[in-house]
Ligand code: SF4
């Protein structure tokens, strides 16, 4: 559900020093309009094809997940909700028993499930349940065979993309340590430097990126998460990694705690961002400029041609971002630099200064960036700015459309494959389409 939460309770927003004098970065606190982290299940379950996501929540949570995934019909769905209802309020012991019963029933029936995520939510009955202990208890019963992990998708502490961060961080946490892995001989530390791509990408995007890495001569590239939850990457001091998504603060931290090194780069959105992202890998692996250029030449040209078609419509149009997905800064960079759009305001729930440093460098000087949210004040500024296009969450889109604004749902930017060269045209189209629709309605 859409929740409105005072920003003071947001654990990530406190005492951030301003890091960039090139931009007008301000912070704002007040009510915020966000979707909760359960939403991430929609794209995570599509990617990790042998995993099941069991939300431990209320009927509201069940409705949210079901309606967000409403367009997808599966014979055997890979997500569900264990509803903690009034009957379970009588005692936590009963709720644990009930959870164990549901998990037993599910895993007996579904032999295809290799990883089970217990996903916490925000109703108070669920908060009282210790899902990490439940996961430990169930692991004793089902692992090996099925690994049981837990994370929180609660709307109290997350923006909707942080559900992915929490999920991936729980997997990293469960990876065997080097000591363990050398005993089991399933993972081993070698001196061979390898590249890991971190962040959920659609399979089609992963395949395209993998082909380009191959053309660059990089054959040992792993993607996390992969399609198969049992195929886990090795992470050690010889791992260097590139983030494919800008909202993976906790996951990146846990990967770094394993000794891996993050390659600073912009995110692979648009032709320019994708080129720089591959460039960071090339530099880390000593790949020459000539080899890199040859590998990127054809896909980059395709991307630029595809983007140019949308530039005619988007150039000089004003865009206003409400904070929602944490993709706002890379998207604003793409729209300003490759499509010529004017940035009225770039709202972002939280700025990870290190992960976004290269993106901030590329944004036009003095871009107004608003970190955090006071939704009422932001709506006032939006009305004053009169943007041609507003990017916002679902809860704000309808009222803004009713007032005559043209909107784009930010959640669509996470559900749709947008990374890499071959998606750059589609990404531009996601912004031009609402303007075309508005023109047609007006005609
Ligand atoms: S986790 Fe909280 S915000 Fe999300 S659907 Fe459930 S009750 Fe609503």
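The values are calculated or read from the model by the stated rules, or taken from the named source; none is laboratory data. As the structure is a prediction and not an experimental result, all values here were calculated from the model. Virtual Cβ from ideal backbone geometry, glycine too; neighbours counted across all protein chains shown.
Points worth noting:
- For region 148-193, filtered to residues that are out of contact with any helix residue (DSSP H, G or I) (no Cβ under 8 Å at 6 or more places or on another chain) and modelled with pLDDT of 95 or more, the residue that is farthest from the ligand (Cβ to nearest atom) is 171.
- All positions within region 27-53 that are away from the ligand (no atom under 12 Å from the Cβ) and part of a loop (DSSP other than H, G, I, E, B): 30, 48, 49, 50
- Check on residue 284, under 26 Å from residue 248 (Cβ atoms) and in the same structural domain as residue 215 (by TED's automatic domain parsing): yes
- Looking only at residues of region 126-157 that are touching a residue at least 60 places away in the same chain (Cβ under 8 Å) and farther than 19 Å from residue 172 by Cα, we find that the one that is surrounded by the most Cβ atoms within 10 Å (Cβ to Cβ) is 155.
- For residue 252, the test of being crowded, with 22+ Cβ neighbours inside 10 Å and closer than 27 Å to residue 171 by Cβ is passed.
- Being surrounded by fewer than 17 Cβ atoms within 10 Å (Cβ to Cβ), out of contact with any strand residue (DSSP E or B) (no Cβ under 9 Å at 6 or more places or on another chain) and farther than 17 Å from residue 326 by Cα is a property that holds for residue 365.
- Residue 401 meets all of the listed conditions (1) more than 26 Å from residue 67 (Cα to Cα); (2) surrounded by fewer than 17 Cβ atoms within 10 Å (Cβ to Cβ) but one, namely (1).
- Residue in region 325-343 that is surrounded by fewer than 19 Cβ atoms within 10 Å (Cβ to Cβ), not in a helix (DSSP H, G or I) and not assigned by TED's automatic domain parsing to the domain that holds residue 210 present: yes
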